[in-house]
1. Answer yes if at least one residue in region 340-353 is hydrophobic (A, V, I, L, M, F, W, C), within 30 Å of Glu236 (Cβ to Cβ) and within 16 Å of the ligand (Cβ to nearest atom), and no otherwise.
2. Among (1) part of a loop (DSSP other than H, G, I, E, B); (2) out of contact with any Lys or Arg (no Cβ under 8 Å at 6 or more places or on another chain); (3) more than 17 Å from Leu324 (Cα to Cα); (4) more than 9 Å from the ligand (Cβ to nearest atom), which single condition is Asp336 missing?
3. Looking at region 161-202, which of its residues are modelled with pLDDT of 90 or more, buried (at least 18 other Cβ atoms within 10 Å of the Cβ) and over 25 Å from Asp313 (Cα atoms)?
4. Name the helices (runs of 4 or more DSSP H) wholly within region 1-108 that hold at least 2 residues that are outside the structural domain of Phe170 (by TED's automatic domain parsing)?
5. Exactly one condition in (1) at pLDDT below 90; (2) open to solvent by 40 Å² or more (accessible area, probe 1.4 Å); (3) within 13 Å of the ligand (Cβ to nearest atom); (4) outside any helix (DSSP H, G or I) is false for Tyr315; which is it?
6. Hey, could you check region 144-160 for residues that are hydrophobic (A, V, I, L, M, F, W, C) and assigned to a strand (DSSP E or B) and say which is least open to solvent (accessible area, probe 1.4 Å)?
7. Just the residues that are within 11 Å of the ligand (Cβ to nearest atom), open to solvent by less than 80 Å² (accessible area, probe 1.4 Å), assigned to a helix (DSSP H, G or I) and not small (Gly, Ala, Ser), please, taken from region 354-379.
Amino acid sequence: MKATNMSRKKRLRNILFVCFLICTLLIIRVGIIQFVQGSELQSMAYTQQTLNRKINPKRGTIYDSTGKNILAVSASVETVSVTPSNIRKEDKEKVSRAISDIFNLEYENVFKKVSKNSSIETIVKKVDKEQTDKLREWMNENNIISGINIDEDTKRYYPYATLASNVIGFTGSDNQGLEGIESRYDDILKGSTGKILKITDARGTDLGNEGEDYIAAIDGDDIVLSIDMTIQSIAEKYLEQACIDNVCTDGGNILIANPKTGDILAMAGYPNYDLNNPYKINEEDLEYVWDTLSSKDKSESLQQMWRNKAISDTYEPGSTFKLLTSSAALEEGITDTDNSGEFACTGSINIAGTRIKCWRYYRPHGSQSLRQALMNSCNPVFIGLRTKNRCRKIL
Ligand SMILES: [Zn+2]
């Protein structure tokens, strides 16, 4: 009798011990979930139970100095995405077929996205409203009311294509400025993104309108450049002609400034490129072998094409300063514009023991007036022009 009592007590103690052990383990596990993995799990649940769709703001417009000519503008387009869990299993093939037909996409790829176990999949970005209207019509006809999202978006458009391309620059697929003014003033132009926040269940299924929160996008500010479109077009036209006529393999630049304010009225660069198609190379030879180039070579050629050489490359001003020397000489009455034979070029001039050559030293310019010396860009004349005496000495 005593023995049975003892064994019952022992069994009871064992059971109690096992229960205690299980309880302790569970408490430790709860502790780990709550305190160690807590914040990570919380954010995972948030991601799973909310559906976050971006609304892109309209990027600011870029105008020329008149404020009338639009150099860059954002047009309204739409972006299509799907919430796979909100599309009924029996509709998935039908939906994929319709989307791939309307947007000219590969059926297999669309079906893969529509069947994916994720909360949102982007199908096609920046398409015209005409196309999305077709999709809306199809959704109406086929009574598909959820799972396909059509959201507002914007697309950058440059009405004058190549005009001032190296100055204006362009934007990337997320409307971010990548080059030129678009990149430099991105903060002003871009605005701030809005969003549609939806509360869903664990599978990503919509919980109706109660859980919807709409934060409107704020559009970007406009920018007015000092560039005048008319002056810019004229400068570009003649720069192109001059580069072609003189076979300038490195291209060229023209800068036109208002002397009273310093405003840049035109900043022309040649060759230029199409801002609406900035990844298409502008050189025929390169275009021909484009597909055979390595990605490094491609990227270097594109960078070269996009660069605004007028501000990023260094150039020794040299002969452009002859204008300052002649203006000063005229203002001081040292010489006049057309005193025929006033100066003489012998191919070089000696300054403190150093012989400085004229660029045409092999066939010196001979006797010249100031106007002729400027036209010839003759170095010895302008070196000698510093004082009246020096000027006479040349003669
Ligand atoms: Zn000379």
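The values are calculated or read from the model by the stated rules, or taken from the named source; none is laboratory data. A quick note: this is a predicted structure, and the numbers were derived from the prediction, not measured. Cβ sites come from the backbone with ideal geometry, for glycine too, and all protein chains shown count toward neighbours. To get the accessible areas, we keep the full protein, side chains included, count just its heavy atoms, and leave off ligands, DNA and RNA. Shrake-Rupley method; radii C 1.70, N 1.55, O 1.52, S 1.80 Å.
1. no
2. Just one mismatch for Asp336, condition (3).
3. Leu189, Lys190, Gly191
4. Where helices (runs of 4 or more DSSP H) fall fully within region 1-108 and carry at least 2 residues being outside the structural domain of Phe170 (by TED's automatic domain parsing), they are 2-31, 38-49.
5. Of the numbered conditions (1) at pLDDT below 90; (2) open to solvent by 40 Å² or more (accessible area, probe 1.4 Å); (3) within 13 Å of the ligand (Cβ to nearest atom); (4) outside any helix (DSSP H, G or I), the odd one out for Tyr315 is (3).
6. So the residue we want is Ile148.
7. Correct list: Asn376, Asn379.
So that you can scan it fast, the table gives a plain yes or no per residue for (1) among the β-branched types (Val, Ile, Thr); (2) open to solvent by less than 20 Å² (accessible area, probe 1.4 Å); (3) over 31 Å from the mean Cα position of the chain (by Cα); (4) under 30 Å from Ile227 (Cβ atoms):
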residue: Ile32; (1), (2), (3), (4): yes, no, yes, no
residue: Asn52; (1), (2), (3), (4): no, no, no, no
residue: Ile70; (1), (2), (3), (4): yes, no, no, yes
residue: Pro84; (1), (2), (3), (4): no, yes, yes, no
